[in-house]
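The values are calculated or read from the model by the stated rules, or taken from the named source; none is laboratory data. Just so we're clear, the structure is a prediction, and the values are computed from it rather than from any experiment. Ideal geometry is used to build each Cβ from the backbone, glycine not excepted, and the neighbour counts take in all protein chains shown. Heavy atoms of the whole protein, side chains included, go into the accessibility calculation; ligands, DNA and RNA do not. Shrake-Rupley method; radii C 1.70, N 1.55, O 1.52, S 1.80 Å.
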Amino acid sequence: MESFIIEGGHRLSGTIMPQGAKNEALQVICATLLTSEEVIIRNVPNILDVNNLIKLLKEIGMKVNRLAPNDYSFQAANVNLDFLESEEFVKKAASLRGSVMLYGPLLGRFGKATITRPGGDKIGRRRLDTHFLGFRKLGARCVYVEQRNIYELMADKLKGTDMLLDEASVTGTANIIMASVLAEGKTTIYNAACEPYIQQLCRLLNAMGAKISGISSNLLTIEGVKELRGADHRVLPDMIEVGSFIGMAAMIGNGIRIKNVSISDLGIIPDAFRRLGVRIEEENDDLIIPRQEHYVIDTFLDGTIMTICDAPWPGLTPDLISVLLVVATQARGSVLFHQKMFESRLFFVDKLIDMGAQIILCDPHRAVVVGHDNSRTLRAGRMSSPDIRAGIALLIAALSAKGTSRIDNIVQIDRGYENIESRLNALGAHIRRVDIC
C-alpha cells in the first residue's frame with residue numbers, strides 16, 4: 001500500500017495548470033461507444049479512474065490509441081457483446097464507479113446492458129434509481145438476476161418520451177442522454193443536471209450528429225437520430241482541482257497562479273472561497289491567489305453566521321466542501337458547512353480534530369468550524385484517505401501542519417489527481433510517495 005509522507009510548513013509559490021476534468025472525461029469516453037467511427041478526446045487526465053475505464057473499454061473490444069500524453073482516439077467498431085455479459089466484465093465493472101456511464105450508450109446502441117453495483121468512494125449511498133427510471137421511460141425492460149446479483153437491461157428499440165427526473169443526478173442525466181440520442185422520436189428531459197460537464201457531453205454528441213437542444217438548461221430536448229459519426233473533443237479543466245489549488249494557495253501559498261482554468265465554467269466556486277475571505281484575482285483565464293496572513297469569514301447581511309452548503313449546479317459542487325472546510329480551519333471567524341447530498345462525506349473531520357482543528361460535527365451532514373486565524377498551526381498526524389476529495393483535503397491540512405504527516409490509502413487521491421505530489425513539489429511542497437507493506 002502506498003502512502004504519502006508530508007513535511008508540513010513549506011510555503012508554495014509559482015504556477016500550476018489544472019488537469020482535464022475527471023467527471024467530464026468519464027462521460028465523454030463512454031459516449032464513444034455510441035458510434036463505430038473514430039472519436040478523438042483531448043486533455044484526458046492521467047488518473048486511476050480514467051485509466052481503469054480505458055482499460056475496461058479495451059477489454060470489451062474498443063480500439064484505443066494514445067496520440068499524445070493526454071490525447072486519445074477511441075473506436076468502437078468491434079465491441080464484444082458476449083464479454084459484456086460475462087462474470088469477468090461484471091466483476092471489473094463493479095470495482096469502477098465510472099462504469100455506471102457505460103449503461104446508457106450500451107443500451108442506446110446495442111439494446112442491452114448488464115448492470116452491477118459500481119464501486120468508488122465511501123461517501124454514502126449513491127442510488128441508481130434515476131438511471132433505471134429513465135431507461136424504463138424510454139422502453140427498456142429491467143430484469144433482476146438473483147443468482148448473479150445483477151440487473152439486465154433490454155430493449156428492442158428505445159422510443160423517445162417526456163420524462164421528469166426524480167433528482168438532478170449528473171450521472172443519471174448523462175446516461176439518459178446517451179441512451180436517448182439513438183432512440184426513435186423526441187425525448188424531453190426535465191429537471192436534468194446542467195453542470196458544465198453535462199453541457200460538454202451534449203456538445204460532443206451534437207458534433208457526432210446528435211440533435212440536442214436546451215444545453216446549459218434543466219430542460220433538454222433530444223431528437224433521435226439513426227447513427228452517430230466521429231468527432232474531435234477537448235475536455236475542460238477540472239474545476240474541482242482548480243478549487244483544490246485555491247484552497248492550498250489560501251492556506252500555504254506565497255503567491256500562486258492557476259493557469260487556464262476556464263473561469264466562465266467555474267460557476268460560484270471562486271465566490272465560495274471569497275466568502276471565507278480568500279483573495280482571488282483574475283487575469284485573462286488565470287486565477288492568482290496572493291499570500292494572505294489573515295483571511296476573514298464573511299457573515300450574512302443580518303450578521304448571522306455564514307453557512308456554506310452544496311447543491312446541484314449552478315449551486316456549489318459537493319466535491320469541494322471538504323477543501324473549503326479545511327481552509328476555514330485557519331480563517332478568522334466561524335462557518336457552518338451543510339453537506340446535503342452525501343451522508344458520510346464529513347466523517348473525515350475527526351482527523352482534522354485530531355490535528356487540532358476546532359470543529360463541531362453536528363450530525364452526518366453538518367459541521368461548524370471555528371477558525372484559528374493562523375494563531376494555532378495544525379499538528380502533524382497519521383491519517384487515511386476515505387475518498388478522493390477528503391484525501392486532497394487531508395493533504396492540504398498536512399501541508400499546512402507543523403511536523404511530518406503520513407496519509408495512507410492514497411490510491412483514493414490517485415483516482416482523481418494526476419501526479420499530485422510531483423506537481424506540488426514543483427511549487428515547494430515536500431511530499432514523498434512510499435510503499436509501506
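Residue count for the stretch 292-323 satisfying the condition of being more than 26 Å from N23 (Cβ to Cβ) and out of contact with any helix residue (DSSP H, G or I) (no Cβ under 8 Å at 6 or more places or on another chain): 10. Number of residues in the stretch 308-347 that are hydrophobic (A, V, I, L, M, F, W, C), farther than 22 Å from S216 by Cα and at pLDDT below 95: the value is 3.
Per-residue answers, yes or no, for (1) in contact with a Pro (Cβ under 8 Å, 6 or more places away or on another chain); (2) surrounded by 24 or more Cβ atoms within 10 Å (Cβ to Cβ); (3) over 16 Å from D238 (Cα atoms):
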site: T299; (1), (2), (3): no, no, yes
site: A311; (1), (2), (3): no, no, yes
site: L316; (1), (2), (3): no, no, no
site: I321; (1), (2), (3): no, yes, no
site: L324; (1), (2), (3): no, yes, yes
site: T329; (1), (2), (3): no, yes, yes
site: G333; (1), (2), (3): no, no, yes
site: L336; (1), (2), (3): no, no, yes
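Would you mind finding the one in V235, V225 that is of a type in the set (V, I, T), modelled with pLDDT of 95 or more and touching a Pro at 6+ places or on another chain (Cβ under 9 Å)? Just a single option satisfies the conditions, and that option is V235.
Sort through E2, E37, E7 and tell me the only one that's open to solvent by 10 Å² or more (accessible area, probe 1.4 Å) and closer than 22 Å to G111 by Cβ.
Working: E2 fails: closer than 22 Å to G111 by Cβ; E7 fails: closer than 22 Å to G111 by Cβ.
Testing whether each residue is open to solvent by 10 Å² or more (accessible area, probe 1.4 Å) and closer than 22 Å to G111 by Cβ leaves just E37.
In the stretch 241-265, the residues that are over 13 Å from R279 (Cα atoms) and in the same structural domain as L427 (by the TED database) form Cβ pairs under 7 Å with partners that are of a type in the set (S, T, Y) and buried (at least 19 other Cβ atoms within 10 Å of the Cβ), at six or more places apart or across chains, as follows: E241/Y417; I252/S400. Report, by residue number, each residue of the stretch 149-187 that is in a strand (DSSP E or B) and open to solvent by 10 Å² or more (accessible area, probe 1.4 Å). Across the stretch 149-187, the qualifying residues are Y151, E152, M154, K159, D162, M163, L164, E184, K186.
When I16, I29, I6 are checked against the criterion of being over 17 Å from the mean Cα position of the chain (by Cα), touching a residue at least 24 places away in the same chain (Cβ under 8 Å) and within 20 Å of L236 (Cβ to Cβ), I16 stands alone in meeting it. Being touching an Asp or Glu at 6+ places or on another chain (Cβ under 8 Å) and of a type in the set (K, R) is the filter; apply it to the stretch 383-427 and report the residue that is nearest to V323 (Cα to Cα). Checked the stretch 383-427; the qualifying residue nearest to V323 (Cα to Cα) is R389. If the condition is being buried (at least 17 other Cβ atoms within 10 Å of the Cβ) and in a helix (DSSP H, G or I), then the stretch 264-278 contributes D265, I269, P270, A272, F273, R275.
Per-residue answers, yes or no, for (1) of a type in the set (S, T, N, Q); (2) touching a strand residue (DSSP E or B) at 6+ places or on another chain (Cβ under 6 Å); (3) open to solvent by less than 40 Å² (accessible area, probe 1.4 Å):
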| site | (1), (2), (3) |
| --- | --- |
| E195 | no, no, yes |
| Q199 | yes, no, yes |
| K211 | no, yes, no |
| I215 | no, no, no |
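The lone criterion from (1) in the same structural domain as T173 (by the TED database); (2) surrounded by 23 or more Cβ atoms within 10 Å (Cβ to Cβ); (3) touching a helix residue (DSSP H, G or I) at 6+ places or on another chain (Cβ under 6 Å) left unmet by T32 is number (3). Of all the criteria given as (1) modelled with pLDDT under 95; (2) in contact with a His (Cβ under 6 Å, 6 or more places away or on another chain), the one not satisfied by L204 is (1).
Give N284, N260, N254 a once-over and let me know the one that is open to solvent by 60 Å² or more (accessible area, probe 1.4 Å) and in contact with a Ser or Thr (Cβ under 9 Å, 6 or more places away or on another chain).
On the way: N284 fails: in contact with a Ser or Thr (Cβ under 9 Å, 6 or more places away or on another chain); N260 fails: in contact with a Ser or Thr (Cβ under 9 Å, 6 or more places away or on another chain).
On inspection, the qualifying residue turns out to be N254.
Anything in the stretch 40-53 that is outside any strand (DSSP E or B) and buried (at least 17 other Cβ atoms within 10 Å of the Cβ)? List them, or say none. Matches in the stretch 40-53: N43, V44, P45, I47, L48, D49, V50, N52, L53.
Quick one: which residue in A21, A94, A25 is touching a Pro at 6+ places or on another chain (Cβ under 8 Å) and open to solvent by 30 Å² or more (accessible area, probe 1.4 Å)? Steps first, answer last, please.
Working: A21 fails: open to solvent by 30 Å² or more (accessible area, probe 1.4 Å); A25 fails: open to solvent by 30 Å² or more (accessible area, probe 1.4 Å).
Being touching a Pro at 6+ places or on another chain (Cβ under 8 Å) and open to solvent by 30 Å² or more (accessible area, probe 1.4 Å) holds for just one of A21, A94, A25, which is A94.
Taking the condition of being open to solvent by 20 Å² or more (accessible area, probe 1.4 Å) and either polar (S, T, N, Q) or not in a helix (DSSP H, G or I) (or both), how many residues in the stretch 339-355 meet it? The qualifying residues number 6. What's the number of the only condition in (1) part of a helix (DSSP H, G or I); (2) under 16 Å from P196 (Cβ atoms); (3) in contact with a strand residue (DSSP E or B) (Cβ under 7 Å, 6 or more places away or on another chain) that T32 fails to meet? Against the list (1) part of a helix (DSSP H, G or I); (2) under 16 Å from P196 (Cβ atoms); (3) in contact with a strand residue (DSSP E or B) (Cβ under 7 Å, 6 or more places away or on another chain), T32 comes up short only on (2).
Inspect all residues belonging to the stretch 39-49 and state whether any of them is in contact with a Leu (Cβ under 9 Å, 6 or more places away or on another chain), modelled with pLDDT under 95 and closer than 20 Å to R415 by Cβ. Quick ask: steps written out before the conclusion?
The first filter runs over the stretch 39-49 and keeps only residues in contact with a Leu (Cβ under 9 Å, 6 or more places away or on another chain), leaving 39-43, 49.
From what is left, the residues that are modelled with pLDDT under 95 are 49.
Narrowing further to those that are closer than 20 Å to R415 by Cβ: 49.
Scanning the stretch 39-49, I find at least one residue that is in contact with a Leu (Cβ under 9 Å, 6 or more places away or on another chain), modelled with pLDDT under 95 and closer than 20 Å to R415 by Cβ, so the answer is yes.
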